[in-house]
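What follows is calculated from the coordinates using simple rules that are stated; it is not laboratory data. Quantities reported herein were computed from a predicted structural model and do not represent experimental measurements. Reconstructed Cβ throughout: ideal geometry from the backbone, glycine too, with neighbour counts over all protein chains shown.
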Amino acid sequence: MQSRDTTAAGIDVLGLEKSYGEQRALRGVGFSAASGELLAVIGPNGAGKTTLLSIIAGTLEADSGEVRLGVGRVGFVPQQPALYRKLTVAENLRLFARLEGVADVSAAVDEMLAQTVLGERRDDQVGTLSGGNQQRVNIAIGLLSKPAVLLLDEPSTGLDPRQRARLWEFVLELAGGGTTVIFTTHNIAEAERYGNRLLVLADGEALYDGSPEGLHAAEGAGQTDFEAAFVSFLRERGH
Amino acid sequence: MRWLLLKDLRLLRRSPLITALLVIYPIAIAILIGFALSGGPDKPRVAFLNEVPQGTPLDLGGEEFDIVGARDELCGRIECVRVQSREEARSLVESGEVLGALIIPADLISKLRSLGGLTPEQPVVEVLVNEEDPVKGQLVDDRIDSLLSDANLRVSQAISEISVTYLGILLDGGSLGFLGESFEVLGLIGAEEILTEIRGTLPENSPDREELDRVIRFARTAAENLDVADELLGSLSQPIQVDKDVVAGDSPSLDVFAIAVAATVTLMFVTVLLVAGSLALEREENAFRRLVRGLVSPTGLLAEKIALGIVASLVVTVLMLAGLEAFVSLEWSRFALWIPAILAGGAGFAAFGAAIGGAAREVRASSLLAFMISLPVAFLSLVPSGTVSPALFDAIGVVTAVFPFDPALRALEGALDEAGPSIGVAIAHLAALTIAYGVLARLALRRFA
């Protein structure tokens, strides 16, 4: 269930519950994210990360709980590029801009092409682009409606280091502009480096909500790197 | 190799729809063919009513015809369904239980016998047919032609022998019996000889000689030409006429039917494959989740796909009919009826395609599913009544009624030719199927993402 609360920050998520048959995917998960905040949702496979993002995005119905949006809309970038491979970059952008009800479609398309630095590839079919460029178009489509909250489901999966660096540079710019970014990732180092805050999920339960430094500190001085601290954190809690 | 095979088998096991199809499809086809071979009649069923009194002899040109043997021979080539009255024959034909009815009228023997006399009457057998579709009509015509050709051949041989005898008397002279009395006929050759002799007795400048020459020339010419008449008589092949009575169904010509079938098959494949593939592609491209996240509702997406199918079917079918105009003449004055028929057919097939695309969820699987369902249904829809057992035909009727091919074919037949079936009923049928398949497609979209 989504509602608007203009007094709140970017987004408030309250007590989300979701089950698939006997399996509980989310167990009362809740958090808040402020405008311009970068929230990394991490956890082992099957933790409920994608389910959480799908509910916030509105593509999945929660069994109970609530999602409260501040001003603006939610933009969703699924893990797999949701693009028409036979259409060109510009045609994809134009189509979704029209479906989003964007007032000036041409201006929005040009802006996204400039932001993604894909202007030279605007007339290329998406199927001919590299995985990294496809992901950029994928994100650009999620940004067409200028969302206040952007959801990225494992956005760097399949990208090489150079493409990942470009992607995060782009995302950081968005956050710098005031967009609340919530992203899931399996790359713990990426979460630590780019996330202002971490939300650790395991078996549908929120185990930690705070800064990366806080999680590292909680695991003591024995852990030399963040990934080891994260694994230790999960192990101590039976995951 | 072994591991790849195991992998593919495992993938199949995890694709229950495809696996179920691969198992159910051959079984279903085998059952259908098995029913057709074992349950259906191996010879066409024709109602047979013989009104000729039993034991009536037929002697023609000195040859005794074996009536009982002829009837047995006839019933060896078709499955004779003996009936007791014309009403019973008509009822069986109307219900489609038999392909047609053959009625041998009581006066057939006397008329056949008259062919050997000087006051011949044309013998006629009556045939009742149900031409609910042109293929069936053609089938009945072929069967009747085949059945009567043997009888006609034998009768025509006897008649030509009698006629040759008469011609021989006319040519060479001889004795001819008529109404119980015997006449002596001079013959054209004898007449010419007598006239030539008389001519020799006339003076050279006699005016009668010229007139006599004309008569002699006539006798000679007639004798020469009648000499070849026996060959012409030998070609007489249809002494028995068929009086065909269409008791039910009024069908368009076979050409129009063939065009309607071709157009419906095209309509079916273009629309079903396009819509099924297009809907499945939304999922394969991962776009479905993005679209239904407030950009468009699943019902709206379905409506768009069905509209796409309708537009494509209209364009393709009209283009196809326009192309066929180069080979056959179409009634373009009925164009206003073509449009609703094509639109309704397109809607039915598009909704059917959407249900397939929604259920299969993958482009290749949806194409396979579309082919595997559409082709046999199309073939079943073309089976005429009377060619399979009544129970099997009823079962086929139920199956074909729940798919759009049969009503779409009827709608197009009705639109192309006024002798075709009711276009209104067919369109209503298609509308009901469009709604039903639309609902099924919408349900399938619930597990689409």
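Computed from label points 7 Å out along Cα-Cβ, the spacing between B:D208 and A:R193 is 14.0 nm. Counting Lys and Arg as +1 and Asp and Glu as -1 over every other residue whose Cβ lies under 14 Å from the Cβ of B:S333, the net charge comes to -3. Shielding value for B:280-290 is 5, the average number of Cβ atoms from other chains within 10 Å of each residue's Cβ.
When the Gaussian network model of chain A links Cα atoms closer than 10 Å, the mean-square fluctuations of A:A103, A:A202, A:A148 top out at A:A103. The mean number of partner chain beta-carbon atoms within 10 angstrom of a residue's beta-carbon across peptide B:291-300 is 4.
Here the Karplus relation 6.51 cos²θ - 1.76 cosθ + 1.60, evaluated at θ = phi - 60°, turns the backbone of segment B:342-349 into coupling constants of 5, 4, 5, x, x, 5, x, 5 Hz, with x for every Gly and Pro. In plain terms, the residue of B:K111, A:K86, A:K49 with the fewest other Cβ atoms within 10 Å comes first and the most crowded comes last, giving A:K86, B:K111, A:K49. Distances between placed amide hydrogens fall under 5 Å for B:D245 paired with B:V127, B:L128, B:V129, all partners being 5 or more residues away or on another chain.
Measuring nothing but how far apart in sequence close Cα pairs (under 8 Å, 6+ apart) lie, relative to its length, chain A scores a relative contact order of 27 percent.
Residues whose amide H comes within less than 5 Å of that of A:R68, counting only those at least five positions distant or on another chain, are A:S3, A:D12, A:V13, A:L14 (H built at 1.01 Å from N in the peptide plane). Based on alpha-carbon atoms, the Kirkwood radius and the radius of gyration of chain A give Rg/Rh equal to 0.98. Within 10 Å of the Cβ of each residue in A:81-87, the mean number of Cβ atoms contributed by other protein chains is 4. Residues A:Y20, B:Y166, B:Y437, A:Y84 in ascending order of nearby Cβ atoms (within 10 Å, fewest first): A:Y20, B:Y166, A:Y84, B:Y437. Between B:V425 and B:R71, the FRET efficiency from the beta-carbon distance, with R0 = 35 Å, is close to 0.25. Counting beta carbons within 10 Å around each of B:F288, B:F48 and listing the fewest first gives the order B:F48, B:F288. Between B:F327 and B:S95, the modelled labels are 4.0 nm apart [label points 7 Å from Cα along Cα→Cβ]. Near A:Y208, the amide H atoms lying under 5 Å from its own belong to A:V200; only residues 5 or more places off or on other chains count, and H is placed 1.01 Å from N.
What's the local net charge at B:P16, with K and R +1, D and E -1, over the other residues with C-beta under 14 Å away? Cβ neighbours under 14 Å give a net charge of +4. Peptides A:232-239, B:355-362 ranked from most to least packed give B:355-362, A:232-239, packing being the mean of other C-beta atoms within 10 angstrom over each peptide's residues.
Here each label is just a point 7 Å from Cα along the line to Cβ, and for B:A336 and A:Q23 those points are 6.1 nm apart.
For A:N187, the shell of other residues with beta-carbons less than 10 Å away shows a net charge of -2, using +1 for Lys and Arg and -1 for Asp and Glu.
Residue separation of B:S85 and B:V398 scaled by 0.36 nm, minus their Cα-Cα distance, works out to 109.5 nm of gained length. Coupling constants for segment B:261-274 follow from the phi torsions by the Karplus curve (6.51 cos²θ - 1.76 cosθ + 1.60, θ = phi - 60°), and in residue order they are 5, 4, 5, 5, 5, 4, 4, 4, 5, 4, 6, 5, 5, 4 Hz; glycine and proline get x.
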